[in-house]
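The values are calculated or read from the model by the stated rules, or taken from the named source; none is laboratory data. None of these values were measured; they are calculated from a predicted model. Cβ sites come from the backbone with ideal geometry, for glycine too, and all protein chains shown count toward neighbours. Ligands, DNA and RNA are stripped out before the accessible areas are found, and what is left, the full protein with its side chains, is counted by its heavy atoms. Shrake-Rupley method; radii C 1.70, N 1.55, O 1.52, S 1.80 Å.
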Amino acid sequence: MKLLYAEDEKQLSRAISTILEYNGYEVDNAFDGEEALNLAINNNYDVIILDIMMPRLDGIEVLKEIRNKNISTPIIMVTAKGENEDKVNGLDSGADDYLAKPFQTNELIARIKALIRRNNKFIETYNFGDVLYNIADSKLEKENKSLILNKEEVKILNKFITNIDGKIEINQLLSTLKYENKEDNHSKIKLYIAYINKKFQELESDYEIYGDIEYGFKLGIKNVQ
């Protein structure tokens, strides 16, 4: 799931983005309204988070321009003012939700998940036999047991569920994790795949990721290659 986070306070932006990425989201950052508008127009996002008080263009102006271009991406407006007028202006201009500073990051994540579910932008669950992949919560689940995936594991597994019958090349996985094509990064990919496979094993699943760096990888039933 890919987010745009527009916030001109760079230290705050980095802190929030780090937490969002830890929770499995891919985040693009904008530090002024013009940059936010350009990114929103030229990329596909699952949710856009706009701070109202930004230089060049404020969040309301960006929101209006996005909606004028018929971009229907869910948008959360954020402001430090906490004034009811800002909330009304944002919602009247096409925002889907509103969050006042200071906010708890878990509340932001909950609102992001709710908007994604509401707009059906992304499938919420996927089954590997009797194991459920809860995409919204980054978990593999079976009966009463669940295992949390880290952000790298989520990105890798998401790549496979869109191409479950096909082969994924190492370069595709490197690109997904934004890694350079280096031997130590190849080792990282293999390590994350091993972590994913270990979680499947702990849940007694028949699924695994198999293959190698040279020929690519597939996700399927154990020992079926």
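FRET efficiency for the pair Q172 and E214, taken as 1/(1 + (r/R0)^6) with r the Cβ-Cβ distance and R0 = 22 Å, rounds to 0.95.
Looking at the range 1-154, what % of its DSSP beta bridges pair antiparallel, to the nearest 5? Expressed as a percentage, antiparallel bridges in the range 1-154 total about 40. Within the listed set G129, G33, G59, the residue fluctuating most in the Gaussian network model of the chain (springs between alpha-carbon atoms under 10 angstrom) is G129.
The gain in end-to-end length when the D92 to N106 segment is fully stretched comes to 2.5 nm, 0.36 nm per residue minus the alpha carbon separation. Label separation (A194 vs K182): 2.0 nm, computed from points 7 Å beyond Cα along the C-beta direction.
Label-to-label distance, S72 versus D130, with points set 7 angstrom from Cα along the beta-carbon direction: 4.0 nm.
For the chain, the residue among A6, N144, T79 whose Cα projects farthest onto the positive side of the dipole built from Cβ charges is N144.
Heavy atoms of the protein chains alone define the surface here; on that basis the chain has 53 Å² accessible area per residue at 1.4 Å probe size. Listed by chain and number, the lysines placed with their C-alpha closer than 27 angstrom to that of K182 are K2, K151, K155, K159, K167, K190, K198, K199, K218; residues fewer than eight positions away on the same chain are left out.
Counting only protein heavy atoms and a probe of 1.4 Å, the accessible surface of the chain is 42% carbon and sulfur.
With contacts taken as Cα pairs under 8 Å and at least 6 residues apart, the chain reaches a relative contact order of 14 percent. Between helix 33-42 and the chain there is an angle of about 40 degrees, using the helix long axis and the longest principal axis of the Cα atoms. Annotation for A80 and N144: the two label points, set 7 Å from Cα along the Cα-Cβ direction, are 4.8 nm apart. On the beta carbon distance between Q11 and N44, with R0 = 35 Å, the FRET formula returns roughly 0.80.
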